[in-house]
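First comes the structure, then the notes that go with it.
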Amino acid sequence: MNNLDYRVAHLRERLAGGPLAELGVRVTVHGDSVVVTGTVPSAHACDEVERIVGEALTGLTVRCDLMVAGTSTPDEAEELP
């Protein structure tokens with residue numbers, strides 16, 4: 001296991017075991033860069049994941065493609081048949 005693989009494995013453990021427990025976030029290595037993808041429950045969670053990733057992978061090229069899950073209530077009632 002090289003240094004990048006070790007850092008990414010540590011990051012995965014930190015995300016899964018931390019207060020956010022973001023198991024829906026995937027961290028993959030593509031050459032010399034890292035891509036973080038997935039869906040988080042809030043904008044705050046997105047900011048936290050990006051902060052943790054930045055701390056863990058300082059000096060690396062990282063691309064975060066995180067989506068915030070829609071949690072707002074619908075504007076109107078759903079019609080059921």
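The values are calculated or read from the model by the stated rules, or taken from the named source; none is laboratory data. Values in this document were obtained by computation on a predicted structure and should not be read as measured data. Note: ideal-geometry Cβ built from the backbone for every residue, glycine included; neighbour counts use all protein chains shown.
Scanning the range 52-81 for residues that are charged (D, E, K, R) and either closer than 23 Å to Glu13 by Cβ or not in a loop (DSSP other than H, G, I, E, B) (or both) turns up Glu55, Arg63, Asp65. Within the range 40-51, the only residue that satisfies the criterion of being crowded, with 19+ Cβ neighbours inside 10 Å, assigned to a helix (DSSP H, G or I) and either over 10 Å from the mean Cα position of the chain (by Cα) or β-branched (Val, Ile, Thr) (or both) is Val49.
Checking Val35, Val29, Val8 one by one, the residue that is in contact with a Ser or Thr (Cβ under 6 Å, 6 or more places away or on another chain), surrounded by 13 or more Cβ atoms within 10 Å (Cβ to Cβ) and not in a loop (DSSP other than H, G, I, E, B) is Val35 and no other. The sole residue among Gly24, Gly38, Gly31 that is more than 14 Å from Val68 (Cα to Cα) and either at pLDDT 85 or above or not charged (D, E, K, R) (or both) is Gly31. Residue pairs whose Cβ atoms lie under 8 Å apart, sitting 6 or more positions apart in sequence or on different chains, and linking a residue in the range 14-26 that is over 9 Å from Gly38 (Cβ atoms) and part of a strand (DSSP E or B) to a partner that is among the hydrophobic types (A, V, I, L, M, F, W, C) and at pLDDT below 75, do not occur here.
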